[in-house]
Ligand SMILES: [Fe+2]
Ligand SMILES: [Fe+2]
């Protein structure tokens, strides 16, 4: 199964020492000056460092059973990418902490769920299933965010560049956990689909719970928060909103013969990679890509 799709997969490239100026004067509501939209991405950010540490641990559980040098190299590069994501989102989350968000408590609860419960009480194949399912959801969200430049059109350029870099790397390594799950752990269809069901229920639940804390910490009254949620949930779930275009790709995971590289890398990936190499600055690369995509000039990027 693995060979059929590898030709369309890009190389996993760990990128280190990138500077997004995250300690700069980023406005509190950096996306469209909208508290709900901003806190949605902020909540995702709080989940990344420990979530990615968990993914690395679950994949590395099987490292000693792997003999394929390509898969071993991919795991190494996946680990380096996720470690960088964790570091930069920690810097980002420190900014949220300075705004009054109880980041230490969010991290403590997540650590307890992932390491105190899941890794202690459930099978390794199941936690790897949770990892592969989370990586699929992350990759389809990444795919959607970078291919729809309108979403980040009025966002702060530093945060947009951070999420764009993270999204591109999530797409590069999207098959690593899945390959270990199916080829090494040899998890059956049941493990794969039940773990996806668990992620589908728990991931939005925790994102929304964190957002509820954030909007309360921001000082919005109950009525104001209800209005923000009504408008924000419509932004997320309306036809053509944030989530609806992902539905087909989400269900593809549940097809018995699924592999992440049946869905090739997005058209903006190669231009972004080239711009980053040429400009040497992730913010300038993201800005140029964003402008060209909005002008419909992607092919010239
Ligand atoms: Fe990541
Ligand atoms: Fe990832």
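All of the numbers you see were taken from the coordinates with simple rules; none came from a lab. Computed from a predicted model, the values in this text were never measured in an experiment. No Cβ is skipped: glycine too gets one built from the backbone with ideal geometry, and neighbour counts run over all protein chains shown.
Each stretch of four or more DSSP H residues adds -39500 (n - 2.57); spread over every residue of the chain, this sum gives -21000 deg cm²/dmol at 222 nm. For a paramagnetic label modelled on residue 298 (point 7 Å from Cα along Cα→Cβ), amide N atoms under 19 Å away belong, within the stretch 164-208, to 164-174.
Across the chain, the relative contact order, built from alpha-carbon pairs under 8 Å that are at least six residues apart, equals 28 percent. Please check which bits of the stretch 165-189 a label hung off residue 15 would reach, taking the label as a point 7 Å along Cα-to-C-beta and the cut-off as backbone N under 11 Å. Backbone N within reach: 165-170. Can you grab the distance from the C-alpha centre of the stretch 193-237 to the C-alpha centre of the stretch 167-185, Å, no decimals? Their Cα centres are 28 Å away from one another. Anyone know which of 63, 227, 273 comes out most mobile in the 10 Å Cα GNM of the chain? Fluctuation is largest for 227.
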